[in-house]
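K.L.:
Take this structure, written in structure tokens, and hold onto it; I'll ask about it next.
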Amino acid sequence: MNWVRRWSIRRRIMLIGVVPAVLAVLMITGYHMYHRWQELHRENEAVVGILLEHLAAAAEYPVISGNYGLLEAVVGVALRQPSVMVVQVLDSDGVVLYEQHSPRFEQVRKSDLQPYNRPIIQEVPDLGSFSDFDDTPMVKRTLGAVRIEVTDIFTRQREASILRQSLLTGLLVVVLSMMAAWGISTTTIPPLERLARFINRLGGEAPVERLIVEGDTEIGLLQGNANRLADTLDQARASQRAYTAQLMEEQRKTQLAAQAKSEFLSMMSHELRTPLNGAVGLVQLLSLDNGQAEFDEYKKTAEESLMHLTQLLEDVLVLVDSEKRNITAVYDDRDVAKELDGLVKEFSQKALAKRISFVVEYDEYLRNNRVGIDSSVLRQLVRHVAGNAVKFTDRGYVLMRLSVISHPGRRFLQVRVLDSGIGIPHDKRELVFEAFSQLNSSFSRQYDGLGVGLTITHHILKSLGGVICINDNPVGGTEVTLEVPITRDPVPSLGDDALLRLPMRVLVVEDNKVNQKVIEHMMQNVCPQLVIQITDSGEKCLATLATTPRPFDLVLMDCHMPGIDGFETTRRMRELDAETPVVAFTANTSDQVFQQCLDAGMNDFLGKPVTRDALRRVMLKWAAPRYMAMPPSLR
């Protein structure tokens, strides 16, 4: 019905006036024609019946006497009927004794003739049962039959005549309806056209003269509403300027946010190049002829620069994808104090350089027990929160307290960091959790770093189901409280050095030569008895798995390689081997890639750059159990 909506009102009025009339005419005409045709057919059948009855009675004596001229008058009357074409008299054996045709017989096809028969019956006394009392029974004897052949051509002509009369009457009714609809439209459309022109002028800036309201009819109500609409538009124009000013202000804020993001990228470039320059320069110095003390110092400083660069990259990845990236935590049984020892020493040295106090306190449970936590996540959180506290405190102290607390259904590691630094204004505390919004180049240059530590901390905790709270330190400064989820019960320790000395077999699938060498030496360092085989493509990996006589205990699979990538290689491998653990080994650590790895049939995920602790965890979690479960004949 969309095409009707595009019609003008005049056409719609015509439609409303004509369609009901047409439907009514069709229904009444159909009903009238049906009954007239039924009456016509009944009339024809009655005429045929009467003719047959008279002809049968009149033909009795002529059939007996053979004088068929007596039938001429009766047959002539029958043939004068328009539908009667043939009259025949038959004997009892069906032989035609007498036959007359209508003058119109030659104009009619034989297929259009329909025969009607009636027997000629003679009643005579039964001489075998003669009685003197005048009650002799009568016997009926069939002398023959009368046949009339009738055509319905003239009946159809009468039907067509009835149809023409009915249609002409209906057409007259439809024409009258159209004239009535046209008359109604001529009184309704002009006010609506004036209303349309009025509304069209409302879009201009010039003042519009109001409409004259024509009574309390529907059109009058429309005219009144149009006048009120004009008044509303005048008010809207008055407020539009204020809205435009507000929009310009929002645009200014957007430009400031874009500028802040640009400054962040510039700052990030500086922060990344600084440790990268240090690492490259120190690696070049290592190639010179240095003493052992100088070599160790260069090596240590290069490692620190590379670790700093890795931390920056991890922070940036979390920050730029903070709206959709989920953090995947690997919970292992950890000694919190031991895991944070390196960071504590680093912050202690920075605090000593600024002549402030840095104190760390662990509760009794943490001093005596391990907890199930992701150590890398814990260090990243503490690095940001404690690092901010030391950075923004010039006098006084920084105190970090760690304890285990319980909420219904889950346990948390609570990290409370109190400082006597510059503090965070109340109106900025929600702002610091938004990426890029809190950046200020001059402020960040006064205090080194990207200035997005709390943003990253908030996102990590939100992804893991933790909490971060910012409050004032009662004695001045800031108190930041983190609640990091930990496993309900300690995770069994995987640190069994005996397992790492087993002669396990690992297949490394990596196309980069440098990465091949790095991973080979790091795995040999973690597992001295390890047998490593390296392939540089998915095709070679599948060929190696198909031909090796002894199954591998672990496959480290690079995800992105020329030819068949790691995902397709794993899918094909699973068609042949569903038992060997496959661990993804890739630089893309997004949650989408992690899910893609699981969908392809991989068991775990190892992000680049890889660390010895990460390799140790993978070997103890996957390779060692696989080796121990294998029959001795296959080891």
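K.L.:
List pairs: first in region 289-315 and surrounded by 15 or more Cβ atoms within 10 Å (Cβ to Cβ), second modelled with pLDDT of 70 or more and outside any helix (DSSP H, G or I), Cβ under 7 Å, 6+ apart or cross-chain?
P.N.:
From region 289-315, the pairs are TYR298/ASN290.
K.L.:
Give me the residue from region 198-235 that is acidic (Asp, Glu) and closer than 17 Å to ILE9 by Cβ and, out of that set, surrounded by the fewest Cβ atoms within 10 Å (Cβ to Cβ).
P.N.:
Among residues in region 198-235 that are acidic (Asp, Glu) and closer than 17 Å to ILE9 by Cβ, the one surrounded by the fewest Cβ atoms within 10 Å (Cβ to Cβ) is GLU218.
Okay, residues lined up against (1) farther than 30 Å from GLU193 by Cβ; (2) modelled with pLDDT under 80:
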site: MET1; (1), (2): no, yes
site: ARG6; (1), (2): no, yes
site: VAL22; (1), (2): no, no
site: MET27; (1), (2): yes, no
site: HIS54; (1), (2): yes, no
site: ALA57; (1), (2): yes, no
site: PRO62; (1), (2): yes, no
site: TYR68; (1), (2): yes, no
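K.L.:
How many of the residues in region 384-423 are under 28 Å from ARG355 (Cβ atoms) and open to solvent by 40 Å² or more (accessible area, probe 1.4 Å)? Outline the logic, then answer.
P.N.:
Residues of region 384-423 under 28 Å from ARG355 (Cβ atoms): 384-402, 415-423.
Of the ones still in play, those that are also open to solvent by 40 Å² or more (accessible area, probe 1.4 Å) are 391-392, 394-397, 401, 416, 422.
Counting residues in region 384-423 that are under 28 Å from ARG355 (Cβ atoms) and open to solvent by 40 Å² or more (accessible area, probe 1.4 Å) gives 9.
K.L.:
Okay, moving on. Can you tell me which residue in region 592-604 is nearest to VAL526 (Cα to Cα), limited to those that are at pLDDT below 85 and open to solvent by 30 Å² or more (accessible area, probe 1.4 Å)? Can you show your working first?
P.N.:
Taking region 592-604 as the starting set, the residues that turn out to be at pLDDT below 85 are 592-595.
Checking the rest, the ones that are also open to solvent by 30 Å² or more (accessible area, probe 1.4 Å) come to 592, 594-595.
Numbers: GLN592: 30, PHE594: 25, GLN595: 28 Å.
The extreme case among them is PHE594.
K.L.:
Can you tell me which residue is modelled with the highest pLDDT among those in region 565-591 that are β-branched (Val, Ile, Thr) and under 23 Å from THR310 (Cα atoms)? First the steps, then the outcome.
P.N.:
First pass over region 565-591, keeping only residues β-branched (Val, Ile, Thr): 569-570, 580, 582-583, 586, 589.
Keeping just the survivors that are under 23 Å from THR310 (Cα atoms) gives 583, 586, 589.
Working: VAL583: 93, THR586: 83, THR589: 69.
Here the answer is VAL583.
K.L.:
Checking LEU439 against (1) open to solvent by 20 Å² or more (accessible area, probe 1.4 Å); (2) modelled with pLDDT under 70; (3) of a type outside the set (Ser, Thr, Tyr), which single condition isn't satisfied?
P.N.:
(1)
K.L.:
If you check ARG367, ARG416, ARG395, which single one turns out to be in a loop (DSSP other than H, G, I, E, B), over 41 Å from the mean Cα position of the chain (by Cα) and at pLDDT 80 or above? Full working, then the answer.
P.N.:
On the way: ARG367 fails: in a loop (DSSP other than H, G, I, E, B); ARG416 fails: in a loop (DSSP other than H, G, I, E, B).
The match here is ARG395.
K.L.:
Any idea which of (1) assigned to a helix (DSSP H, G or I); (2) touching a helix residue (DSSP H, G or I) at 6+ places or on another chain (Cβ under 9 Å); (3) open to solvent by less than 30 Å² (accessible area, probe 1.4 Å); (4) without any contact (Cβ under 8 Å) to a residue 24 or more places away in the chain is the one LEU195 doesn't satisfy?
P.N.:
(4)
K.L.:
Given the criterion at pLDDT 85 or above and out of contact with any Asp or Glu (no Cβ under 9 Å at 6 or more places or on another chain), identify the matching residue among VAL514, VAL508, VAL475. Spell out how you get there, then give the answer.
P.N.:
Details: VAL508 fails: out of contact with any Asp or Glu (no Cβ under 9 Å at 6 or more places or on another chain); VAL475 fails: at pLDDT 85 or above.
Result: VAL514 is the single residue among VAL514, VAL508, VAL475 that is at pLDDT 85 or above and out of contact with any Asp or Glu (no Cβ under 9 Å at 6 or more places or on another chain).
K.L.:
Assuming LEU23 fulfils every condition listed in (1) under 30 Å from ARG158 (Cβ atoms); (2) outside any helix (DSSP H, G or I) apart from one, which condition is it?
P.N.:
Of everything listed in (1) under 30 Å from ARG158 (Cβ atoms); (2) outside any helix (DSSP H, G or I), LEU23 misses just condition (2).
K.L.:
Further question: Hey, can you tell me all the residues within region 596-620 that are within 38 Å of the chain's Cα centre (by Cα) and charged (D, E, K, R)?
P.N.:
Within region 596-620, ASP599, ASP604, LYS608 meet the criteria.
K.L.:
Does VAL336 satisfy the criteria of being modelled with pLDDT of 90 or more and open to solvent by less than 80 Å² (accessible area, probe 1.4 Å)? Talk me through it step by step, then tell me what you get.
P.N.:
Values: modelled with pLDDT of 90 or more: yes; open to solvent by less than 80 Å² (accessible area, probe 1.4 Å): yes.
Taking the combined requirement at face value, the residue satisfies it.
K.L.:
Given the conditions (1) under 26 Å from THR487 (Cα atoms); (2) at pLDDT 90 or above, which single one is not true for VAL359?
P.N.:
(1)
K.L.:
Of the conditions (1) open to solvent by less than 60 Å² (accessible area, probe 1.4 Å); (2) more than 27 Å from GLN165 (Cβ to Cβ), GLY17 satisfies every one except a single condition; which number is it?
P.N.:
Every condition holds for GLY17 apart from (2).
K.L.:
Regarding region 605-622, can at least one residue be identified that is in contact (Cβ under 8 Å) with a residue 60 or more places away in the chain, open to solvent by 10 Å² or more (accessible area, probe 1.4 Å), assigned to a loop (DSSP other than H, G, I, E, B) and not hydrophobic (A, V, I, L, M, F, W, C)?
P.N.:
yes
K.L.:
Which residue pairs have Cβ atoms closer than 8 Å, lie 6 or more positions apart in sequence or on different chains, and pair a first residue in region 498-517 that is free of Cβ contacts under 8 Å to residues at least 24 places away in the same chain with a second residue that is open to solvent by less than 30 Å² (accessible area, probe 1.4 Å) and among the aliphatic types (A, V, I, L, M)?
P.N.:
Every condition considered, the pairs that remain are GLN516/VAL508.
K.L.:
Also, I was wondering about something else. So, PRO82, is that one in contact with a helix residue (DSSP H, G or I) (Cβ under 7 Å, 6 or more places away or on another chain), closer than 21 Å to ARG141 by Cα and not hydrophobic (A, V, I, L, M, F, W, C) or not? Show your work before the answer.
P.N.:
Working: in contact with a helix residue (DSSP H, G or I) (Cβ under 7 Å, 6 or more places away or on another chain): yes; closer than 21 Å to ARG141 by Cα: no; not hydrophobic (A, V, I, L, M, F, W, C): yes.
So PRO82 fails the test.
The values are calculated or read from the model by the stated rules, or taken from the named source; none is laboratory data. Predicted model, so just to flag it, every value in this text is computed and none were measured. Note that we place each Cβ from the backbone using ideal geometry, even for glycine, and neighbour counts take in every protein chain shown. When the accessible area is computed, the model is the full protein with side chains, heavy atoms only, and any ligands, DNA or RNA have been set aside. Shrake-Rupley method; radii C 1.70, N 1.55, O 1.52, S 1.80 Å.
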